[in-house]
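Here's the structure we're looking at; comments come further down.
The values are calculated or read from the model by the stated rules, or taken from the named source; none is laboratory data. In this text the structure is predicted, and so the values were computed from the model without any measurement. Cβ: placed from backbone, ideal geometry, glycine included. Neighbour counts: every protein chain shown. The protein model used for the area step is the full one, side chains on, heavy atoms only, and it has no ligands, DNA or RNA in it. Shrake-Rupley method; radii C 1.70, N 1.55, O 1.52, S 1.80 Å.
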Amino acid sequence: MDTDSEMFLLAAEELNFTRAAKRAYVTQQCLSAHIKKLEDELGVTLFERVGKRMVLTATGQALLAQARAM
């Protein structure tokens, strides 16, 4: 699993980039850059904000299932 995918998995588990970044021992900006790179490569949006909450899009949920299987 590549770094972008690992960062995605942490962010998807936490649904919070700050907490996910702390778990990965990186800055929130670094984690965000990995997520953005992955979204750009795939041509999709993986997360969206609903009010103050972050949620996975349908595509994000599908990718999470695949990432967990790996």
Residue count, the range 18-43 (criterion: open to solvent by less than 30 Å² (accessible area, probe 1.4 Å) and in contact with an Asp or Glu (Cβ under 6 Å, 6 or more places away or on another chain)): 2
Which ones in the range 44-67 are within 13 Å of Phe8 (Cβ to Cβ) and touching an Asp or Glu at 6+ places or on another chain (Cβ under 7 Å)? Thr45, Leu46, Thr57
From the list Leu15, Leu46, exactly one residue is at pLDDT 95 or above and open to solvent by less than 50 Å² (accessible area, probe 1.4 Å). Which is it? Leu46
The number of residues in the range 17-58 that are in contact with a Lys or Arg (Cβ under 9 Å, 6 or more places away or on another chain) and free of Cβ contacts under 8 Å to residues at least 40 places away in the same chain is 1
